[in-house]
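Okay, so here's the structure we're looking at.
The values are calculated or read from the model by the stated rules, or taken from the named source; none is laboratory data. Note that this is a predicted model, so its numbers are computed, not measured. With ideal geometry, Cβ positions are generated from the backbone for all residues, glycine too; neighbour counts draw on all protein chains shown.
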Amino acid sequence: MALFALLLTACSDNSSSADEEPFNASVVCPENLRGTFTDPRDGQVYKYTTIGNRVWMAENLKYDDGSVCAEKTCSSKGRIYGMQNALLACPDGWHLPSRDEWKKLFNDVGGSDSAGYRLKATEGWTPLNPGWASNGTDDCGFTLLPIPASSTATNGGGGNKHDGYIALLWTSSRGTSNDYTMDGVFFETQTLEARTMTYYDTWDYLSIRCVKN
């Protein structure tokens, strides 16, 4: 626990490499490059944030294409989508980010070792034990919340579980194992990092963040 606290402090003050400049949100993701846009399909208004040179949705997609809400959290946490639906779910002018685009996002906020800490919302994450760190700093207004995604990879059999502890989101990149999988990104309550994973297939339902074309 003491080691975790030390790592948390270190990542909040510095980037992932001692040779790099300290993370500066006013340069990486200035507040004047944030705002809202409207999805013309249903009139849903979304926040967006500019991180590096890309514009990202600052909340999960909520478009109703027949996909389900995770534990009735559509209004706050968006819907979860199957693999095939995810590829076509983003509004015109936006797209499902690739694995490389997610990795660039991680690098823009200081590297994958601290990306979870900087992208997670400042509240809503459940600590594994009382007093343990769980929430992030949300430096760039990305405001990532945990959501009970349905995934056989993490739940050992599916079902909407783990609310408060993890966030799973699709990439558009095909998995390395076969044509029936796509990569996702994985955030946990107790870790500072964010990472891509290759376990997700047609049985899984994950969240979506779109990126502007």
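Some points to look at:
- For ALA115, the requirement of being touching an Asp or Glu at 6+ places or on another chain (Cβ under 8 Å), modelled with pLDDT of 95 or more and either among the aliphatic types (A, V, I, L, M) or not in a loop (DSSP other than H, G, I, E, B) (or both) is met.
- Search result, residues across the range 24-49 that are under 17 Å from ASP138 (Cα atoms) and either in contact with a Gly (Cβ under 9 Å, 6 or more places away or on another chain) or small (Gly, Ala, Ser) (or both): ALA25, SER26, VAL28, CYS29, GLU31, ARG34, GLY35, LYS47, TYR48, THR49
- The number of residues in the range 92-122 being more than 22 Å from LEU192 (Cβ to Cβ), out of contact with any helix residue (DSSP H, G or I) (no Cβ under 7 Å at 6 or more places or on another chain) and surrounded by 19 or more Cβ atoms within 10 Å (Cβ to Cβ) comes to 1.
- Residues in the range 88-115 that are under 15 Å from ALA25 (Cα atoms) and small (Gly, Ala, Ser): GLY110, GLY111, SER114, ALA115.
- The range 123-149, subset under 15 Å from ASN60 (Cα atoms) and among the small types (Gly, Ala, Ser), residue surrounded by the most Cβ atoms within 10 Å (Cβ to Cβ): ALA149
- Subset of the range 79-102 that is charged (D, E, K, R) and out of contact with any strand residue (DSSP E or B) (no Cβ under 7 Å at 6 or more places or on another chain) - its residue that is farthest from ASP42 (Cα to Cα): ASP100
- Some residue of the range 35-44 being in a strand (DSSP E or B) and among the small types (Gly, Ala, Ser): yes
- Taking first residues from the range 68-79 that are under 12 Å from PRO146 (Cα atoms) and assigned to a helix (DSSP H, G or I) and partners that are modelled with pLDDT under 80 and not aromatic (Phe, Trp, Tyr), the Cβ contacts under 7 Å between residues at least 6 apart in sequence or on separate chains come to LYS77/ALA70.
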